[in-house]
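The values are calculated or read from the model by the stated rules, or taken from the named source; none is laboratory data. If you're wondering where the values come from, they're calculated on a predicted model, not measured in any experiment. Cβ placement follows ideal geometry from the backbone for every residue including glycine, while neighbour counts extend to all protein chains displayed.
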Amino acid sequence: MSEKVTVYQKPTCSTCRNLDKILRESGIAYDNVNYYVEPLSEKKIHELLKKMKLSARDIMRTKEATYKELNLADSDLSEEELVKLMVKHPELLQRPIVEKGSKAILGRPIENVLPFLKNK
């Protein structure tokens, strides 16, 4: 039995829409989670970070107005504090994130997703 695939995304994101098209055309079944409608918990963000082997800073959208308003580029906030901010401000979280079993990948660039999903 193949592992469940979940894509955490925002439907208005062009990269997310392109990934959705690629996955459908490739016949890859997956669960789609709009994390603006179904917010990710701190626990889930930490779990995804661990699966991606990335830090909270690695998956922050640095061009977002919120990032600039909170002056996050010059902050020395802890990992926990950054994750709390991502829960409060989901626009800070890079997307899409693709999760498969014990691993996950940031779907940017989307060309990395299919090899990731086909890898055993």
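Filter segment 51-68 down to the residues that are in a helix (DSSP H, G or I), of a type in the set (A, V, I, L, M) and over 22 Å from L114 (Cα atoms) and list them by number. Lay out the reasoning, then the answer.
Residues of segment 51-68 in a helix (DSSP H, G or I): 51-52, 57-59, 65-68.
Filter again for of a type in the set (A, V, I, L, M), leaving 52, 59, 65.
Scanning segment 51-68 gives a single hit, A65.
For segment 4-50, which residues satisfy the criterion of being assigned to a loop (DSSP other than H, G, I, E, B) and either closer than 17 Å to H89 by Cβ or charged (D, E, K, R) (or both)?
In the first step, residues of segment 4-50 are kept if they are assigned to a loop (DSSP other than H, G, I, E, B); the result is 4, 10-13, 26-30, 35-41.
Once the filter is applied, which keeps residues that are assigned to a loop (DSSP other than H, G, I, E, B) and either closer than 17 Å to H89 by Cβ or charged (D, E, K, R) (or both), segment 4-50 yields K4, K10, T12, C13, Y35, Y36, V37, E38, P39, L40, S41.
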Residue ID - modelled with the highest pLDDT, chosen from residues in segment 1-35 that are small (G, A, S) and either within 21 Å of M52 (Cα to Cα) or crowded, with 18+ Cβ neighbours inside 10 Å (or both): A29
Enumeration of residues in segment 101-120 that are over 16 Å from I22 (Cα atoms), in contact (Cβ under 8 Å) with a residue 12 or more places away in the chain and assigned to a loop (DSSP other than H, G, I, E, B): G101, S102
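Which residue, of I105, I59, is within 12 Å of Y8 (Cβ to Cβ), touching a Phe, Trp or Tyr at 6+ places or on another chain (Cβ under 6 Å) and either surrounded by 11 or more Cβ atoms within 10 Å (Cβ to Cβ) or hydroxyl-bearing (S, T, Y) (or both)?
On the way: I59 fails: touching a Phe, Trp or Tyr at 6+ places or on another chain (Cβ under 6 Å).
Criteria check complete, one pass: I105.
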Conditions (1) in contact with a helix residue (DSSP H, G or I) (Cβ under 8 Å, 6 or more places away or on another chain); (2) more than 19 Å from C16 (Cβ to Cβ); (3) not in a helix (DSSP H, G or I): number failed by K84: (3)
Segment 7-22 - residue that is in contact (Cβ under 8 Å) with a residue 60 or more places away in the chain and β-branched (V, I, T) and, of those, farthest from G107 (Cα to Cα): I22
Tally, over segment 69-81, of residues that are among the hydrophobic types (A, V, I, L, M, F, W, C) and either part of a helix (DSSP H, G or I) or at positive phi (or both): 2
Some residue of segment 80-87 being among the β-branched types (V, I, T) and in contact with a Pro (Cβ under 7 Å, 6 or more places away or on another chain): yes
Pairs where the first residue, in segment 71-100, is touching a residue at least 12 places away in the same chain (Cβ under 8 Å) and the second is of a type in the set (D, E) and assigned to a loop (DSSP other than H, G, I, E, B), C-beta under 7 Å, 6+ apart: E91/E64; L92/E64; K100/E3
